[in-house]
Amino acid sequence: MIWAVLLLNGLIMILNSKSKYDLESTLYSGQSFLWDPIQDENLKTHEVILNKTRYRARQIYDQVEMVYPLHPNETQIKVLENYLRVDDDLSEIYKSIQSDNYLLSAFNKFEGLHLLRQDPWECLVTFICSSNNNMKRIKLMLRKLINSSGNTLNDSFGEYKTFPTPSQIIDAGEDNLRSMGFGYRAKYIFETSKIILKDNIDLKKLRSQNYYDNLNQLTMFPGVGDKVANCVMLFSLDNLNAFPVDVWINRVLRETYLNDNVNKIHDSKLRSHFQDYFGENSGYINHYLFHSRRNDD
DNA sequence: ATCGAACCTCCAAT
DNA sequence: AATTGGAGGTTCG
(Lines give C-alpha, C1' and ligand atoms only; values in the text may rest on other atoms or scores of the structure.)
Protein backbone atom coordinates (compact mmCIF):
# COMPACT_ATOMS: atom_id res chain seq x y z
CA MET A 1 0.00 0.00 0.00
CA ILE A 2 2.86 2.26 0.82
CA TRP A 3 4.11 1.36 -2.62
CA ALA A 4 0.99 2.53 -4.31
CA VAL A 5 1.11 5.84 -2.51
CA LEU A 6 4.74 6.42 -3.34
CA LEU A 7 4.22 5.45 -6.93
CA LEU A 8 1.15 7.59 -7.34
CA ASN A 9 2.95 10.55 -5.87
CA GLY A 10 5.78 9.96 -8.27
CA LEU A 11 8.28 9.76 -5.45
CA ILE A 12 9.72 6.53 -6.71
CA MET A 13 10.79 6.34 -10.32
CA ILE A 14 11.10 2.69 -11.21
CA LEU A 15 12.38 1.86 -14.64
CA ASN A 16 10.26 -0.35 -16.80
CA SER A 17 12.32 -3.52 -16.93
CA LYS A 18 11.03 -6.60 -18.73
CA SER A 19 12.60 -9.00 -16.29
CA LYS A 20 14.57 -9.00 -13.04
CA TYR A 21 17.43 -6.50 -13.07
CA ASP A 22 20.63 -6.99 -11.08
CA LEU A 23 22.06 -3.49 -11.14
CA GLU A 24 25.26 -4.01 -9.20
CA SER A 25 26.35 -7.07 -11.15
CA THR A 26 25.55 -5.24 -14.36
CA LEU A 27 27.45 -2.05 -13.57
CA TYR A 28 30.55 -3.67 -12.10
CA SER A 29 30.94 -6.77 -14.22
CA GLY A 30 33.71 -5.26 -16.31
CA GLN A 31 31.72 -3.82 -19.20
CA SER A 32 31.82 -0.22 -17.98
CA PHE A 33 34.44 1.48 -15.84
CA LEU A 34 32.65 4.78 -15.57
CA TRP A 35 30.18 4.15 -12.76
CA ASP A 36 30.83 5.24 -9.22
CA PRO A 37 29.13 3.87 -6.12
CA ILE A 38 28.02 6.60 -3.73
CA GLN A 39 26.55 6.41 -0.26
CA ASP A 40 22.99 7.69 -0.14
CA GLU A 41 20.84 7.34 2.97
CA ASN A 42 22.39 3.98 3.78
CA LEU A 43 21.43 2.67 0.39
CA LYS A 44 23.93 1.96 -2.31
CA THR A 45 23.41 4.35 -5.19
CA HIS A 46 25.38 4.43 -8.42
CA GLU A 47 26.29 7.44 -10.51
CA VAL A 48 27.30 7.98 -14.12
CA ILE A 49 27.27 10.76 -16.70
CA LEU A 50 25.21 10.06 -19.83
CA ASN A 51 24.57 12.60 -22.57
CA LYS A 52 26.10 15.39 -20.50
CA THR A 53 23.69 14.71 -17.64
CA ARG A 54 24.33 13.17 -14.25
CA TYR A 55 22.28 10.06 -13.54
CA ARG A 56 21.86 8.15 -10.30
CA ALA A 57 20.24 4.76 -9.88
CA ARG A 58 19.85 2.06 -7.27
CA GLN A 59 18.49 -1.41 -6.80
CA ILE A 60 14.94 -1.65 -5.52
CA TYR A 61 13.81 -5.23 -5.08
CA ASP A 62 14.17 -6.80 -8.52
CA GLN A 63 14.11 -3.51 -10.38
CA VAL A 64 16.05 -0.31 -10.87
CA GLU A 65 15.05 2.94 -9.30
CA MET A 66 16.13 6.14 -10.99
CA VAL A 67 16.92 8.56 -8.16
CA TYR A 68 18.44 11.38 -10.20
CA PRO A 69 17.51 13.56 -12.07
CA LEU A 70 14.88 14.10 -9.41
CA HIS A 71 11.88 14.68 -11.64
CA PRO A 72 13.13 13.24 -14.91
CA ASN A 73 11.44 14.08 -18.17
CA GLU A 74 10.54 11.40 -20.71
CA THR A 75 13.78 11.81 -22.58
CA GLN A 76 15.91 11.34 -19.50
CA ILE A 77 14.01 8.22 -18.52
CA LYS A 78 14.51 6.87 -22.02
CA VAL A 79 18.22 7.62 -21.91
CA LEU A 80 18.73 5.55 -18.79
CA GLU A 81 16.39 2.76 -19.86
CA ASN A 82 18.11 2.59 -23.21
CA TYR A 83 21.56 2.53 -21.61
CA LEU A 84 20.57 -0.20 -19.15
CA ARG A 85 18.86 -2.28 -21.84
CA VAL A 86 15.83 -2.81 -19.63
CA ASP A 87 13.91 -4.05 -22.67
CA ASP A 88 16.06 -7.16 -22.94
CA ASP A 89 13.91 -10.09 -21.91
CA LEU A 90 16.39 -12.19 -20.01
CA SER A 91 13.99 -15.03 -19.34
CA GLU A 92 13.64 -15.43 -23.09
CA ILE A 93 17.38 -15.44 -23.46
CA TYR A 94 17.84 -17.95 -20.64
CA LYS A 95 15.23 -20.17 -22.26
CA SER A 96 16.64 -19.91 -25.76
CA ILE A 97 19.95 -21.37 -24.72
CA GLN A 98 20.69 -25.04 -24.75
CA SER A 99 21.19 -25.94 -21.15
CA ASP A 100 24.49 -26.94 -19.68
CA ASN A 101 25.30 -27.02 -15.99
CA TYR A 102 27.82 -24.23 -16.01
CA LEU A 103 25.48 -21.78 -17.71
CA LEU A 104 22.46 -22.81 -15.66
CA SER A 105 24.43 -22.11 -12.53
CA ALA A 106 25.62 -18.77 -13.90
CA PHE A 107 22.09 -17.72 -14.86
CA ASN A 108 20.90 -18.70 -11.44
CA LYS A 109 23.68 -16.96 -9.55
CA PHE A 110 23.58 -13.74 -11.57
CA GLU A 111 19.98 -13.62 -12.62
CA GLY A 112 19.22 -10.11 -13.84
CA LEU A 113 22.73 -9.36 -15.11
CA HIS A 114 22.24 -7.26 -18.24
CA LEU A 115 24.45 -6.09 -21.02
CA LEU A 116 24.72 -2.30 -21.31
CA ARG A 117 24.25 -0.06 -24.32
CA GLN A 118 27.10 2.36 -23.78
CA ASP A 119 28.28 5.28 -25.83
CA PRO A 120 30.51 3.70 -28.49
CA TRP A 121 33.20 6.36 -28.31
CA GLU A 122 33.54 6.03 -24.55
CA CYS A 123 33.46 2.27 -24.91
CA LEU A 124 36.17 2.30 -27.57
CA VAL A 125 38.53 4.43 -25.48
CA THR A 126 37.81 2.33 -22.41
CA PHE A 127 38.67 -0.96 -24.04
CA ILE A 128 41.77 0.34 -25.78
CA CYS A 129 42.86 1.18 -22.23
CA SER A 130 42.01 -2.29 -21.00
CA SER A 131 44.78 -4.11 -22.85
CA ASN A 132 47.28 -5.78 -20.55
CA ASN A 133 45.66 -3.95 -17.69
CA ASN A 134 43.53 -4.36 -14.61
CA MET A 135 40.23 -2.88 -13.61
CA LYS A 136 41.56 -0.64 -10.89
CA ARG A 137 44.10 1.04 -13.11
CA ILE A 138 41.69 1.33 -16.03
CA LYS A 139 39.30 3.25 -13.79
CA LEU A 140 42.11 5.47 -12.57
CA MET A 141 43.31 6.25 -16.09
CA LEU A 142 39.81 7.11 -17.28
CA ARG A 143 39.18 9.24 -14.21
CA LYS A 144 42.33 11.26 -14.85
CA LEU A 145 41.45 11.66 -18.51
CA ILE A 146 37.93 12.84 -17.77
CA ASN A 147 39.00 15.23 -15.03
CA SER A 148 41.73 16.84 -17.09
CA SER A 149 40.15 16.96 -20.54
CA GLY A 150 36.37 16.79 -20.20
CA ASN A 151 33.96 19.69 -19.99
CA THR A 152 32.88 20.89 -16.58
CA LEU A 153 29.15 21.14 -15.99
CA ASN A 154 26.95 21.94 -13.01
CA ASP A 155 23.79 20.56 -11.48
CA SER A 156 22.22 20.53 -8.02
CA PHE A 157 24.96 18.22 -6.72
CA GLY A 158 27.68 20.56 -7.94
CA GLU A 159 30.32 20.16 -10.63
CA TYR A 160 30.80 17.12 -12.80
CA LYS A 161 32.82 16.28 -15.90
CA THR A 162 31.84 14.89 -19.28
CA PHE A 163 33.85 12.30 -21.21
CA PRO A 164 36.41 14.01 -23.51
CA THR A 165 35.67 14.20 -27.22
CA PRO A 166 38.25 13.09 -29.79
CA SER A 167 39.38 16.70 -30.31
CA GLN A 168 39.75 17.20 -26.57
CA ILE A 169 41.99 14.15 -26.42
CA ILE A 170 44.02 15.47 -29.33
CA ASP A 171 44.33 18.80 -27.53
CA ALA A 172 45.66 16.99 -24.47
CA GLY A 173 48.39 15.42 -26.62
CA GLU A 174 50.14 12.09 -26.47
CA ASP A 175 52.73 13.17 -23.92
CA ASN A 176 50.04 14.39 -21.56
CA LEU A 177 48.23 11.10 -21.91
CA ARG A 178 51.43 9.30 -21.00
CA SER A 179 51.85 11.42 -17.92
CA MET A 180 48.33 10.40 -16.93
CA GLY A 181 49.52 6.81 -16.87
CA PHE A 182 48.28 5.51 -20.20
CA GLY A 183 51.68 4.10 -21.10
CA TYR A 184 51.93 2.70 -24.62
CA ARG A 185 48.15 3.06 -24.90
CA ALA A 186 48.61 6.85 -25.09
CA LYS A 187 49.59 6.57 -28.73
CA TYR A 188 46.61 4.33 -29.53
CA ILE A 189 44.11 6.69 -27.91
CA PHE A 190 45.70 9.70 -29.55
CA GLU A 191 45.91 8.18 -33.04
CA THR A 192 42.40 6.77 -32.81
CA SER A 193 41.09 10.21 -31.89
CA LYS A 194 42.84 11.69 -34.92
CA ILE A 195 41.28 9.15 -37.27
CA ILE A 196 37.80 9.71 -35.86
CA LEU A 197 38.15 13.45 -36.23
CA LYS A 198 39.81 13.43 -39.65
CA ASP A 199 37.35 11.00 -41.21
CA ASN A 200 34.42 12.49 -39.33
CA ILE A 201 33.36 9.05 -38.07
CA ASP A 202 30.10 8.72 -36.17
CA LEU A 203 30.48 5.45 -34.28
CA LYS A 204 26.80 5.36 -33.38
CA LYS A 205 26.08 4.75 -37.05
CA LEU A 206 27.68 1.33 -36.63
CA ARG A 207 24.76 0.26 -34.45
CA SER A 208 22.79 -2.67 -35.80
CA GLN A 209 25.13 -2.92 -38.74
CA ASN A 210 26.61 -6.15 -39.92
CA TYR A 211 28.91 -7.83 -37.40
CA TYR A 212 31.83 -8.35 -39.77
CA ASP A 213 31.64 -4.86 -41.23
CA ASN A 214 31.86 -3.47 -37.71
CA LEU A 215 34.69 -5.83 -36.84
CA ASN A 216 36.66 -4.67 -39.86
CA GLN A 217 35.93 -1.04 -39.22
CA LEU A 218 36.87 -1.18 -35.55
CA THR A 219 40.07 -3.19 -35.95
CA MET A 220 41.36 -0.45 -38.23
CA PHE A 221 41.88 1.72 -35.19
CA PRO A 222 45.32 1.36 -33.60
CA GLY A 223 45.17 -0.56 -30.35
CA VAL A 224 42.04 -2.39 -31.41
CA GLY A 225 42.28 -6.10 -32.15
CA ASP A 226 39.67 -8.82 -32.21
CA LYS A 227 39.00 -8.78 -28.48
CA VAL A 228 38.62 -5.03 -28.02
CA ALA A 229 36.48 -4.75 -31.16
CA ASN A 230 34.15 -7.46 -29.87
CA CYS A 231 33.85 -5.66 -26.54
CA VAL A 232 32.88 -2.42 -28.27
CA MET A 233 30.38 -4.22 -30.47
CA LEU A 234 28.83 -6.08 -27.57
CA PHE A 235 28.73 -3.28 -25.01
CA SER A 236 27.82 -0.36 -27.25
CA LEU A 237 26.86 -1.33 -30.80
CA ASP A 238 24.01 -3.82 -30.36
CA ASN A 239 25.96 -6.67 -31.90
CA LEU A 240 24.69 -9.22 -29.40
CA ASN A 241 26.45 -12.02 -31.23
CA ALA A 242 29.85 -10.48 -30.46
CA PHE A 243 32.07 -12.75 -28.38
CA PRO A 244 35.18 -11.19 -26.83
CA VAL A 245 37.82 -13.80 -26.01
CA ASP A 246 40.12 -12.76 -23.18
CA VAL A 247 42.05 -14.75 -20.60
CA TRP A 248 38.98 -15.42 -18.48
CA ILE A 249 36.85 -16.61 -21.36
CA ASN A 250 39.84 -18.64 -22.47
CA ARG A 251 39.94 -20.29 -19.05
CA VAL A 252 36.28 -21.12 -18.89
CA LEU A 253 36.25 -22.48 -22.43
CA ARG A 254 39.26 -24.63 -21.71
CA GLU A 255 37.95 -25.89 -18.38
CA THR A 256 34.31 -26.39 -19.26
CA TYR A 257 33.78 -26.63 -22.99
CA LEU A 258 36.90 -28.11 -24.52
CA ASN A 259 39.20 -30.96 -23.67
CA ASP A 260 42.10 -29.81 -25.76
CA ASN A 261 44.57 -27.17 -24.83
CA VAL A 262 42.74 -24.03 -25.89
CA ASN A 263 45.94 -22.03 -25.78
CA LYS A 264 46.95 -23.58 -29.06
CA ILE A 265 43.86 -22.26 -30.79
CA HIS A 266 43.92 -18.64 -31.94
CA ASP A 267 41.53 -16.37 -30.08
CA SER A 268 39.63 -15.29 -33.19
CA LYS A 269 39.10 -18.91 -34.20
CA LEU A 270 37.80 -19.73 -30.73
CA ARG A 271 35.57 -16.70 -31.04
CA SER A 272 33.94 -17.70 -34.30
CA HIS A 273 33.58 -21.31 -33.18
CA PHE A 274 31.66 -20.34 -30.04
CA GLN A 275 29.60 -17.74 -31.86
CA ASP A 276 28.34 -20.62 -33.98
CA TYR A 277 27.93 -22.87 -30.98
CA PHE A 278 26.00 -20.43 -28.79
CA GLY A 279 24.07 -18.67 -31.53
CA GLU A 280 22.57 -15.22 -31.87
CA ASN A 281 22.81 -14.41 -28.16
CA SER A 282 26.38 -15.59 -27.79
CA GLY A 283 27.32 -12.17 -26.45
CA TYR A 284 25.00 -12.49 -23.49
CA ILE A 285 26.35 -15.96 -22.83
CA ASN A 286 29.88 -14.65 -23.11
CA HIS A 287 29.26 -12.11 -20.39
CA TYR A 288 27.68 -14.63 -18.04
CA LEU A 289 30.60 -17.00 -18.59
CA PHE A 290 33.05 -14.18 -18.02
CA HIS A 291 31.41 -12.81 -14.90
CA SER A 292 30.78 -16.24 -13.47
CA ARG A 293 34.34 -17.42 -13.99
CA ARG A 294 35.76 -14.30 -12.41
CA ASN A 295 33.60 -14.67 -9.32
CA ASP A 296 33.89 -18.36 -8.62
CA ASP A 297 35.77 -18.95 -5.40
C1' DA B 1 50.64 -17.34 -42.27
C1' DT B 2 52.39 -18.05 -37.61
C1' DC B 3 54.77 -17.15 -33.28
C1' DG B 4 57.16 -14.91 -29.60
C1' DA B 5 58.58 -10.70 -27.58
C1' DA B 6 58.00 -6.16 -26.39
C1' DC B 7 55.12 -2.71 -24.76
C1' DC B 8 53.79 1.21 -20.06
C1' DT B 9 52.71 1.00 -15.41
C1' DC B 10 51.11 -0.65 -11.16
C1' DC B 11 51.28 -3.67 -7.40
C1' DA B 12 51.12 -8.06 -5.09
C1' DA B 13 53.96 -11.85 -4.25
C1' DT B 14 58.50 -13.52 -3.47
C1' DA C 1 63.96 -3.97 0.89
C1' DA C 2 64.77 -4.97 -3.99
C1' DT C 3 63.08 -7.84 -7.76
C1' DT C 4 59.97 -10.41 -10.44
C1' DG C 5 55.79 -11.55 -12.86
C1' DG C 6 51.21 -10.90 -14.19
C1' DA C 7 47.38 -7.96 -15.35
C1' DG C 8 40.30 -8.62 -18.90
C1' DG C 9 45.74 -7.41 -25.60
C1' DT C 10 47.93 -5.50 -29.65
C1' DT C 11 51.66 -4.73 -32.52
C1' DC C 12 55.94 -5.60 -34.58
C1' DG C 13 59.67 -8.29 -36.35
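Brief remarks on what is shown
- Relative contact order (%) - criterion: Cα under 8 Å, at least six apart; region: chain A: 16 percent
- A:HIS71/A:ASN259 FRET efficiency (R0 45 Å; Cβ-Cβ; nearest 0.05): 0.20
- The stretch A:41-183: relative contact order as a whole-number percent, Cα under 8 Å and 6+ apart: 15 percent
- Residues with amide H under 5 Å from that of A:ASP40, placed H, sequence gap 5 or more: A:THR45
- Accessible surface of the stretch A:97-151 [probe 1.4 Å, protein heavy atoms]: carbon and sulfur percent: 47 percent
- Dipole of the stretch A:4-156, positive direction: furthest Cα of A:SER96, A:ASN132, A:SER156, with charges on the beta-carbon: A:ASN132
- Distant-in-sequence amide H partners of A:LEU113 (H built 1.01 Å from N, under 5 Å): A:ASP22
- Once the 1.4 Å probe is applied to the protein heavy atoms, chain A comes out at 50 Å² accessible per residue.
- On the stretch A:2-87, 53 percent of the accessible area sits on carbon and sulfur atoms, based on a 1.4 Å probe.
- Check: the stretch A:2-87 dipole with +1 on Lys, Arg Cβ and -1 on Asp, Glu Cβ, in debye: 180 debye
- Lys/Arg +1, Asp/Glu -1 at C-beta; the stretch A:120-236 dipole; positive extreme among A:CYS231, A:GLY173, A:ASN200: A:CYS231
- For A:TYR68, distant residues with modelled amide H under 5 Å away: A:ARG56
- Chain lengthening between A:LYS136 and A:ASN16 when straightened (0.36 nm per residue, less Cα-Cα): 40.0 nm
- Pairs from A:LYS52/A:LYS205; A:LYS136/A:LYS198; A:LYS136/A:LYS161 whose Cα-Cα separation, in the structure shown, is over 27 Å: A:LYS136/A:LYS198
- Karplus 3J(HN,Hα) series, Hz, for the stretch A:240-249 with 6.51 cos²θ - 1.76 cosθ + 1.60 (x for Gly, Pro): 6, 9, 5, 8, x, 10, 10, 4, 6, 5
- Computed from backbone phi with θ = phi - 60° and the Karplus coefficients 6.51, -1.76 and 1.60, the 3J(HN,Hα) list for the stretch A:26-39 is 5, 6, 10, 9, x, 9, 10, 10, 10, 8, 10, x, 10, 7 Hz; x is used for glycine and proline.
- Set of aspartates and glutamates with alpha-carbon distance to A:LYS187 below 16 Å, sequence-local pairs under 8 removed: A:ASP171, A:GLU174, A:ASP175
- Straight-distance crosslink candidates among lysines, where the alpha carbon sits under 19 Å from A:LYS95 and sequence neighbours closer than 8 are dropped: A:LYS18, A:LYS20, A:LYS109
- Set of lysines with alpha-carbon distance to A:LYS227 below 18 Å, sequence-local pairs under 8 removed: A:LYS264, A:LYS269
- The value of relative contact order for the stretch A:2-87, using C-alpha pairs under 8 Å at least six residues apart, is 31 percent.
- Contour excess over end-to-end distance, with Cα ends at A:ASN147 and A:ASP276 and 0.36 nm allotted per residue: 42.2 nm
The values are calculated or read from the model by the stated rules, or taken from the named source; none is laboratory data. Note that this is a predicted model, so its numbers are computed, not measured. Cβ sites come from the backbone with ideal geometry, for glycine too, and all protein chains shown count toward neighbours. Protein only, heavy atoms only, side chains kept; ligands, DNA and RNA dropped before computing areas. Shrake-Rupley method; radii C 1.70, N 1.55, O 1.52, S 1.80 Å.
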